[in-house]
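Down below is the structure, laid out as structure tokens.
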Amino acid sequence: RIILESGAKPSHLKLELTESTVLENVDDTIAKMRELKLMGVSFSMDDFGTGYSSLQYLKRLPLDQIKIDQSFVRDITNDPNDAAIVQAIIAMTDALGLNVIAEGVETNAQRDFLDMHGCHSFQGYLFSEPVPIEKFEALLKK
């Protein structure tokens with residue numbers, strides 16, 4: 001209702017949901033997500049891997065993107081377990097036809113590792129700290 005009343009373009013909206021939010025009432029959440037998806041809204045699963053999600057539910061969710069949690073990204077260059085988890089998430093998103101983005105990228109080594117393994121979208125202080133809109137617009141002009 002709010003999308004229709006506001007005149008917002010649904011195709012310009014991406015809702016980020018955490019695993020715990022989605023799993024509170026899975027069937028109801030999926031139904032609501034599908035309804036919004038039909039309007040053009042896209043969905044991203046935030047903090048992926050930190051909750052208790054079932055891969056069974058993951059394949060039912062009308063997602064467009066998975067965000068790799070920063071807790072896995074932080075040590076990917078020196079912890080083989082984190083590296084393996086990140087590579088598995090990237091492979092899984094590729095197989096499911098989803099986009100993948102890594103959170104908390106702070107070093108060139110992290111970015112290079114992710115890029116080499118198929119994750120080409122990043123968020124983190126390597127690029128910028130969170131800034132007010134005015135400063136963001138100024139950064140875009142540079």
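Brief remarks on what is shown
- Measuring r between the beta carbons of Y125 and D75 and using R0 = 25 Å, the FRET efficiency lands at 0.95.
- Mean separation of Cα contacts under 8 Å, 6 or more apart, over the residue count of the chain: relative contact order %: 17
- Positive-end extreme of charge dipole, region 44-121 - chosen from I68, T107, Y57 (charges on Cβ): Y57
- Considering helices alone, the calculated mean residue ellipticity of the chain at 222 nm is -13000 deg cm²/dmol, with DSSP H runs of length four and up weighted by -39500 (n - 2.57) and normalised per residue.
- Loop trypsin sites (Lys or Arg not before Pro), region 34-121 (other Cβ atoms within 10 Å of the site Cβ: 16 or fewer; DSSP): K59, R60
- For the chain, size of Cβ-based charge dipole, Lys and Arg +1, Asp and Glu -1, in debye: 580
- Considering only chymotrypsin sites (Phe, Trp or Tyr not before Pro) in DSSP loops that have at most 14 other Cβ atoms within 10 Å, the longest stretch of the chain without any of them is 53-124.
- Per-pair calculated FRET efficiency, R0 = 35 Å: N25 and L4 via Cβ, rounded to 0.05: 0.90
- Label point distance in nm, R60-D94, each placed 7 Å from Cα along Cα→Cβ: 2.8
- Coil-residue GluC sites (Glu not before Pro) of region 1-80, DSSP, other Cβ within 10 Å capped at 14: E24
- Heavy atoms of the protein chains alone define the surface here; on that basis the chain has 63 Å² accessible area per residue at 1.4 Å probe size.
The values are calculated or read from the model by the stated rules, or taken from the named source; none is laboratory data. What you are looking at is a predicted structure, and each value in this text was computed from that prediction instead of being measured. Here the Cβ is made from the backbone with ideal geometry for all residues, glycine too, and neighbour counts use every protein chain on show. Accessible surface areas use protein heavy atoms only, side chains included; no ligands, DNA or RNA. Shrake-Rupley method; radii C 1.70, N 1.55, O 1.52, S 1.80 Å.
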